[in-house]
1. Using label points projected 7 Å from each Cα along Cα→Cβ, tell me how many nm separate residue 111 and residue 47, to one decimal.
2. Calculate the spin-label point distance for residue 19 paired with residue 129, positioning each point 7 Å from the Cα along the beta-carbon direction, and give it in nanometres.
3. What is the local net charge at residue 49, summed over the other residues whose Cβ is closer than 14 Å to its Cβ (Lys, Arg +1; Asp, Glu -1)?
4. Would you please state which residues of the stretch 65-94 a label at residue 40 would reach in this model, taking the label point 7 Å out along Cα→Cβ and a backbone N cut-off of under 17 Å?
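What follows draws every value from the coordinates through simple rules; no lab data is involved. Just so you know, these numbers come straight off a predicted model, no measurement behind them. Glycine gets a Cβ as well: all are built from the backbone with ideal geometry, and neighbour counts include every protein chain shown.
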Amino acid sequence: MPEQPQDTERRLKNTEQLREIARNPDAFAALLQDYQRVLMDIRPLLEVLRDETRLYCRGVHVEGDRGYHPRQRSKQVEAPLNHALKLLNRLLADLEKGAHRRRAHDEKVEETARTRRERELERARKKRQKLSAVPQREPPRVEPAPEQQYSEPTSLSDLGRRSA
């Protein structure tokens with residue numbers, strides 16, 4: 001089925017709106033919060049569906065079943081629902097984390113710009129100080145070396161003899 005021109009226009013409009021939202025951390029957080037609310041409304045429904053499915057599937061017995069057969073058959077139905085709930089919980093946590101990191105990104109960008117400006121000002125200040133009058137320093141005095149003398153014995157084997 002070919003795409004209708006109205007669908008294309010609507011998709012482009014949504015893309016533009018999402019671009020604007022991605023640029024604004026407050027709008028970004030608000031959108032993710034809306035998504036979280038929707039998912040939090042779905043979660044209890046999935047949990048009830050999982051529990052009711054478990055009860056029904058484990059209650060279905062076929063002639064000749066042992067006690068564990070209904071449980072084994074129901075696990076094939078329960079596993080995807082459990083997996084979906086686990087993913088839903090992770091998704092909720094990741095949406096919240098994404099909103100926090102989006103705001104932290106903007107703060108880090110501002111901080112980086114501020115530190116770079118401060119460093120540049122500091123470099124310029126140091127450069128100006130070097131260019132200004134250079135103070136005359138006295139050359140360091142060199143102390144004459146004391147007369148060299150022979151040292152005392154330095155090892156245990158030299159203790160018996162003295163140096164000349």
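1. 3.6
2. Reported label-point gap for residue 129 and residue 19 is 4.8 nm.
3. Numbers: positive: 43, 50, 54; negative: 41, 47, 51, 52, 78.
Cβ neighbours under 14 Å give a net charge of -2.
4. 88-94
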